[in-house]
Amino acid sequence: MKIAIVGYGNLGKTFAGSFIKSRFIKKEDIFVYTRSLPKIQDCFSIPLDNFSTDNFPTQHEIDIVILSVKPQEFVNVATFLKDKLHPNILVLSVMAGVSIEKIASLLQIEKVVRSMPNLSTQIGQGMTVFSASEKVDRKDLFIVQNLINTTGKSVYVEDENMLNPATAVSGSGPAYVFYFMNAMIQVAEELGFSNSEAELLVNQTFLGAVNLQASLGLSNAELIKKVASKGGTTEQALKVFDEMNLNQIINLAIQKANIRAIELGD
């Protein structure tokens, strides 16, 4: 199977590196079309002849095209690509806000998969939600999911509109975590820890908590009870969260993110 990656920013590099690290795709079967040639350390041992700024591989060489350009660049990219793609080619898009219908129309193809990855794909721990056009069959979906899963985990949704809440929850989600971590670090410093000590306390707490939740198989509510003994310190903190309606604040924030995702897709 031969793959062409169009656009070699963070996501393009992530896919190239993940494919090779997982040995899912041979390095000589990955072709990259980009505005500027990358540094040698970003080539992941892909043959240098497979990188190009002006020469897209011929139609019959490529099975799957991964679109990882910026959404605002897509119209120009589509103008260049549409005559170079055979009608049955499978296109996987990681562009935010560009619909399956628009991709299919501008590229004059029928088999399109649209995905919403998050930042953690860069370390193979990402969460990606994806949807597909009607012409994408089960075999195609299986191949695409295996490709995506080299960067973490994935969920397929039949309704393309579900990519909007996916953007609000998992796409933007890492920033919510970093926000809460940063707030805890600031408080730890106010309580007397140095910056490096505060960062270690919080970083390891989050890392340990996530791994614990994954390994024990308990609900979050059950895990909270394991930490929060009656009349203890954790209970006092949780009471403040409840008094300040933290759940409602989080709900409102993610609802607003979802609305914005819908707006950006119009």
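What to note about this one:
- Placing unit charges on the Cβ atoms of the charged side chains and taking the dipole of the chain about its Cα centre, the candidate lying farthest along the positive direction among 149, 12, 208 is 149.
- Simple label model, 7 Å out from Cα along Cβ direction - residue 193 to residue 161, nm: 4.4 nm
- The order of 85, 119, 106 by accessible area, most exposed first and with a 1.4 Å probe, is 119, 106, 85.
- Using a Förster distance of 41 Å, the FRET efficiency for residue 230-residue 40 (Cβ separation, nearest 0.05): 0.10
- Label-point gap, in nm, between residue 214 and residue 86 - each point 7 angstrom along Cα→Cβ: 3.9 nm
- Residue 1 - accessible surface, heavy atoms, 1.4 Å probe, Å² rounded to 10: 90 Å²
- Among 195, 164, 149: highest mean-square fluctuation, GNM of the chain, C-alpha pairs under 10 Å: 195
- In order through region 84-93: 3J(HN,Hα) via Karplus (6.51 cos²θ - 1.76 cosθ + 1.60), integer Hz, x for Gly, Pro: 10, 10, 6, x, 9, 5, 9, 10, 10, 9
- Rounded percent of accessible protein surface that carbon and sulfur make up, the chain, 1.4 Å probe: 55 percent
- Solvent-accessible heavy-atom area per residue, rounded to whole Å², over the chain at 1.4 Å: 61 Å²
- Translational D in µm²/s for region 150-196 (Stokes-Einstein at 10 °C, 1.306 mPa s, Kirkwood Rh from C-alpha pairs): 119 µm²/s
- Distance from region 194-250 to region 1-26 (C-alpha centre basis), Å: 37 Å
- For the chain, modelled as a GNM whose springs connect Cα atoms under 10 angstrom apart, the maximal fluctuation among 220, 76, 182 occurs at 220.
- Relative contact order (%) - the chain, alpha-carbon pairs under 8 angstrom, separation at least six: 14 percent
- Segment residue 108-residue 243, extension gain: residue separation times 0.36 nm, minus the distance between their alpha carbons: 43.1 nm
- Percent of Cα pairs in region 88-138 per distance bin of 5 Å, from zero to the largest separation: 5, 21, 29, 20, 12, 10, 2.
- Put a plus charge on the Cβ of each Lys and Arg, a minus charge on the Cβ of each Asp and Glu, and nothing anywhere else: the dipole of region 156-266 about its Cα centre is then about 360 debye.
- Compared with the direct C-alpha span, the chain from residue 139 to residue 52 gains 28.3 nm at full extension, assuming 0.36 nm per residue.
- Listed values (1) 1, 5, 11, 14, 16, 14, 11, 9, 7, 6, 4, 2, 1, 0; (2) 1, 6, 14, 19, 22, 19, 12, 5, 1, 0, 0; (3) 1, 5, 11, 15, 18, 17, 13, 8, 5, 2, 2, 1, 1, 1, 0, 0, 0, entry calculated as P(r) over Cα pairs in 5 Å bins from 0, in percent: (1)
- The stretch between residue 251 and residue 72 holds 61.5 nm of extra length on full extension. This uses 0.36 nm per residue minus the Cα-Cα distance.
- Region 32-145 - percent relative contact order, Cα under 8 Å, separation 6 or more: 19 percent
- Per-residue ellipticity at 222 nm from helix content only, as computed over the chain with -39500 (n - 2.57) for each DSSP H run of at least four residues, stands at -14500 deg cm²/dmol.
- GNM flexibility winner over the chain from 145, 204, 72 (Cα, springs under 10 Å): 204
- Each of residue 203 and residue 28 was given a label point 7 Å from its Cα along the Cα-to-Cβ line. The distance between the two points is 4.1 nm.
- DSSP bridge pairs, the chain: antiparallel proportion in percent, nearest 5: 15 percent
- Nearest-ten-degree value, helix 138-148 long axis tilted from longest Cα axis of the chain: 60 degrees
The values are calculated or read from the model by the stated rules, or taken from the named source; none is laboratory data. Please read all numbers here as calculations on a predicted model, not as lab measurements. Positions of Cβ are backbone-derived with ideal geometry, glycine not excepted, and every protein chain shown enters the neighbour counts. SASA here: full protein model, heavy atoms, side chains in, ligands and nucleic acids out. Shrake-Rupley method; radii C 1.70, N 1.55, O 1.52, S 1.80 Å.
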